[in-house]
Amino acid sequence: MSASGGTRAIVAALGANLAIAASKFVAFAFSGSSSMLAEGVHSIADSGNQFLLLIGGKRARREATPQHPFGYGRERFIYAFLVSIVLFSIGGMFAIYEGYEKIRHPHALENWYWPVGVLVFAIVAEGFSFRTAIKESNELRGKLSWAQFIRRAKAPELPVVLLEDFGALIGLVLALGGVGLSLLTGDGVWDGIGTVCIGVLLVLIALVLAAETKSLLLGEAAGVEVVKQIEAAIVDGETVTGLIHMRTLHLGPEELLVAAKIAVQHDDTADRVASAINAAEARIRAAVPIARVIYLEPDIYSEAEAAKGPDPEATPGGPGRSTGH
């Protein structure tokens with residue numbers, strides 16, 4: 001992911017959420033709408049989430065240390081996971097609680113034009129933020145569907161902002177529906193129902209974010225297309241005759257570790273093998289620039305060993321897989 005693209009989306013979302021949060025709390029003060037209070041807390045939670053993403057991006061750029069020799073790239077995953085927790089606890093659970101209380105103790109809305117006006121303003125502002133996130137994401141999404149992009153993206157910022165903005169827009173529509181039905185029926189219960197729906201929506205989005213960022217924290221391999229590019233780059237058909245097995249791991253959104261056992265000729269000299277490894281590393285980095293940590297182990301390809309099948313601990317297409325002989 002382009003770091004600048006993710007930052008632009010985060011800053012746009014942060015500016016929109018701060019302005020919207022202030023307007024929602026004003027509307028709540030004048031109208032007593034629980035939907036407005038829940039939406040105000042939602043916007044505050046979203047603003048805090050954007051601050052977390054910015055902090056995570058900054059901390060991830062620190063230089064590697066002896067204690068952390070592979071750097072701090074995964075801090076972006078950690079802060080994205082914290083975002084899902086904040087969205088679940090502060091945003092979702094508070095809204096469900098507030099809606100439940102409003103359903104138990106409904107009261108008519110006062111100064112209805114405040115919440116309606118603020119909701120219309122919020123929809124426009126969130127729409128601007130969502131448009132920015134879509135524009136930045138389209139530069140990376142390619143032919144992937146939106147669901148595939150959110151599931152496969154290694155950089156967490158854009159998927160997080162996309163889901164937050166999408167949830168905010170749906171939440172605003174739910175809040176507008178709850179306020180509108182309360183005004184039409186004179187029954188404040190509808191405002192509470194709208195608030196509960198907002199909370200359930202936020203909890204569901206938080207669970208999706210938590211699942212995706214948990215996978216990144218555990219350590220994800222490179223995507224299928226990237227793996228194919230690395231495989232093609234390793235083998236030169238002369239000194240490096242095949243790929244025995246390979247593993248990849250994202251150390252961060254824009255840093256990839258590659259570890260592979262490569263097949264070389266049995267009669268090659270050590271100098272020739274070392275030169276072949278250096279050349280293979282250069283080809284990998286040219287094909288996949290984010291492959292910054294590369295370990296290649298030379299070995300002799302064996303038909304007998306290959307016939308035994310893949311090593312249970314190897315990745316799919318492990319030992320025995322060869323692109324040349």
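The values are calculated or read from the model by the stated rules, or taken from the named source; none is laboratory data. Since the model is a prediction, treat every value here as computed from it, not as a measurement. Neighbour counts are summed over all protein chains in view; Cβ atoms, including those assigned to glycine, are modelled from backbone coordinates with ideal geometry. Ligands, DNA and RNA are stripped out before the accessible areas are found, and what is left, the full protein with its side chains, is counted by its heavy atoms. Shrake-Rupley method; radii C 1.70, N 1.55, O 1.52, S 1.80 Å.
Quick notes on this structure:
- DSSP-defined antiparallel bridges as percent of all bridges, the chain, nearest 5: 55 percent
- Average Cα contact separation per residue, the stretch 1-101, under 8 Å, 6 or more apart, as relative contact order %: 28 percent
- Accessible area in the full protein assembly, largest first, 1.4 Å probe, for HIS250, HIS105, HIS266: HIS266, HIS105, HIS250
- List ASP46, ASP267, ordered by accessible area with a 1.4 Å probe, largest first: ASP267, ASP46
- Alpha-carbon gyration tensor eigenvalues x 5, square-rooted, for the stretch 182-283, Å: 57, 10, 9
- Computed [θ] at 222 nm, deg cm²/dmol, the chain (DSSP H ≥ 4; -39,500 (n - 2.57); rounded to nearest 500): -22000 deg cm²/dmol
- Evaluating kT/(6 pi eta Rh) at 25 °C and 0.890 mPa s, with the Kirkwood radius of the stretch 90-193 over Cα pairs in the Stokes-Einstein relation, gives 158 µm² s⁻¹.
- Computed over neighbours whose Cβ is under 13 Å from that of ALA108, the net charge equals -2, Lys and Arg +1, Asp and Glu -1.
- Net charge contributed by nearby residues that have their C-beta within less than 9 Å of PRO298 (K/R +1, D/E -1): -2
- Lysine pairs with alpha-carbon atoms under 21 Å apart, the chain, spacing 8 or more or separate chains: 11
- Descending by average beta-carbon neighbour count within 10 Å, the peptides 15-22, 195-202 line up as 195-202, 15-22, the highest first.
- Across the chain, Cα pairs under 8 Å and at least six residues apart give a relative contact order of 19 percent.
- Answer label, with log10 I(q)/I(0) by the Debye sum over Cα atoms at q = 0.08, 0.09, 0.14, 0.15 Å⁻¹ calculated from the coordinates and candidates (i) -0.49, -0.58, -0.99, -1.08; (ii) -0.38, -0.48, -1.14, -1.28; (iii) -0.50, -0.62, -1.21, -1.26: (i)
- Relative intensity, log₁₀ I(q)/I(0), of the stretch 122-244 from a Debye sum that treats every alpha carbon as a point, q = 0.20, 0.21 Å⁻¹: -1.10, -1.15
- Accessible area per residue (1.4 Å probe, heavy atoms of protein chains only) ranks ARG285, ARG104 as ARG104, ARG285, with the largest value leading.
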